[in-house]
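The values are calculated or read from the model by the stated rules, or taken from the named source; none is laboratory data. Predicted, not measured: the structure shown is a model, and the values here were computed from it. Every residue, glycine among them, receives a Cβ derived from its backbone with ideal geometry; neighbour counts consider all protein chains shown. SASA here: full protein model, heavy atoms, side chains in, ligands and nucleic acids out. Shrake-Rupley method; radii C 1.70, N 1.55, O 1.52, S 1.80 Å.
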Amino acid sequence: AAKGVGNNMFRCYDSYMDENAHRRFVMENGMRRALENGDFLLYYQPKVNLVTGEITAMEALVRWDHAELGIIAPSDFIPLAEETGLIIPLGEWVLRQACAQNKWWQDQGHFRLRVAVNLSGYQLQQAEFLEVVRRALADTGLDPQYLELEITETVVMQNPDFTVRLLDQLCEMGIHISIDDFGTGYSSLSHLKRFSVNTLKMDKSFVKGVAENGPDAAIATAIISMGRSLNLSVIAEGVETEGQLEFLKKTECDEVQGFLFSKPIPPEEVLRFMKGRGAHDKGRAE
Ligand code: C2E
Ligand code: MG
Ligand code: MG
Ligand code: MG
């Protein structure tokens, strides 16, 4: 597009390179530098058992701590990370950081819970993916039973034969597997029963309307009962209100996660959250 020379060239270039392409260029380079400089962070959001009221796991959710823009949410950079391939080193960093943080919490005597890591489909497709997971566990010393991997339903169903084998191997390692955003993809039940998974994580779009006794309530009820028939635990994400919680208890959903209990918080706040959980918090899930 740049066909002029000298000063003219720049003007020409600018007008042809649209804002979007420029933004992507800046973002991609920014992400590369952020990886090198350690500007990514993990926030953690607890998962709560609805029967005992206990915290069962902490989900790691990545953030970009940008010098000028502040904290950037994953929806603003994960898609570009996937397009550019940066999701591979970023995803490995997330996995290792989450394992290391969890091992630290355990070694310091704070708590012994699973840490849940979100995976991109691109990570699963890597030939050395299992090796990456094994290395993260071995290098950090985290026992595999304290690692959970969240894989979205869409990714799981993309190539079912491939996923069946991969999930079998992860399961054999003793890792907990959850199908994230469940209900938004196109699960074929015949495939679902072949997967070695432990948990269905019901998408928050259904949780939103459960208290209104409409279609969301019907879908949520169906997912919870299907989970029970398949011997899978069911967790509801995005629980924000007491009304939603009431419904989920009544329909015997196993676990919940959402702003009602805690937003995703940095590691220092996780310690405060866990210490501050008294009889009151425990009591309300019973
Ligand atoms: P997700 O794994 O389904 O995570 C749930 C999202 O819902 C999180 O957004 C969380 O902050 C938000 N959330 C939690 N409770 C509530 C609630 O009560 N109400 C509402 N409205 N929202 C709630 P977040 O942290 O912005 O992450 C968005 C998505 O980005 C995640 O969806 C996940 O797909 C992806 N993501 C986050 N971290 C990673 C990562 O390390 N690797 C990969 N590949 N993807 C990630
Ligand atoms: Mg998730
Ligand atoms: Mg989810
Ligand atoms: Mg989601």
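In whole Å, how far is the Cα centre of the range 151-174 from that of the range 186-207?
12 Å
Rounded to the nearest whole Å², what accessible area per residue is found for the chain with the 1.4 Å probe? Walk me through the numbers on the way to the answer.
Details: 14510 Å² over 286 residues.
Per-residue value: 51 Å².
Defining a contact as two alpha carbons under 8 Å apart and six or more residues distant in sequence, what relative contact order in percent does the chain show?
Numbers: 437 pairs, mean separation 49.3, N = 286.
So the answer I get is 17 percent.
On a 0 to 90° scale, report how tilted helix 267-276 is relative to the longest principal axis of the chain, with both axes built from alpha carbons and the result rounded to the nearest 10.
The angle comes out at about 20 degrees.
On a straight-distance basis, which lysines could pair with residue 47 in a cross-link, Cα separation under 21 angstrom, same-chain partners fewer than 8 positions away excluded?
Result set, ordered by chain and number: 103, 201, 204, 208, 249, 250, 263, 275, 282.
Leaving out ligands, DNA and RNA, and with a 1.4 Å probe, what % of the accessible surface on the range 26-73 is carbon or sulfur? Don't skip to the end; give the middle numbers.
Values: 1020 of 2140 Å².
Roughly 48 percent, rounded to a whole number.
Using a 1.4 Å probe on the protein chains only, how many percent of the accessible area of the range 125-237 belongs to carbon and sulfur? If you can, show how the numbers build up before the last one.
On the way: 2620 of 5240 Å².
Carbon and sulfur atoms account for 50 percent of the accessible area of the range 125-237.
So if I place +1 on the C-beta of Lys and Arg and -1 on the C-beta of Asp and Glu, and nothing else carries charge, what would the dipole magnitude of the chain be about its Cα centre? I want it in debye, nearest 20. Walk me through the numbers before you get to the answer.
Values: 29 positive and 41 negative charges, 49 e Å.
Here the chain has a charge dipole of around 240 debye.
Would you mind checking the tilt of helix 87-107 against the longest principal axis of the Cα atoms of the chain, expressed as 0 to 90 degrees and rounded to 10?
That works out to roughly 40 degrees.
From the Cα gyration tensor of the range 155-286, with a ≥ b ≥ c the square roots of its eigenvalues, which class applies: rounded if a/c is under 1.5, or else prolate if a/b is larger than b/c, or else oblate?
Values: a/c = 2.20, a/b = 1.35, b/c = 1.62.
Oblate, because a/c is 1.5 or more while a/b does not exceed b/c.
Can you show me the helix-derived [θ] at 222 nm for the chain, built from DSSP H runs with n ≥ 4 at -39,500 (n - 2.57) apiece and divided by the number of residues, rounded to the nearest 500. Please report the intermediate quantities before stating the final value.
Numbers: 14 runs with 142 residues, N = 286.
Only helices count here, giving -14500 deg cm²/dmol.
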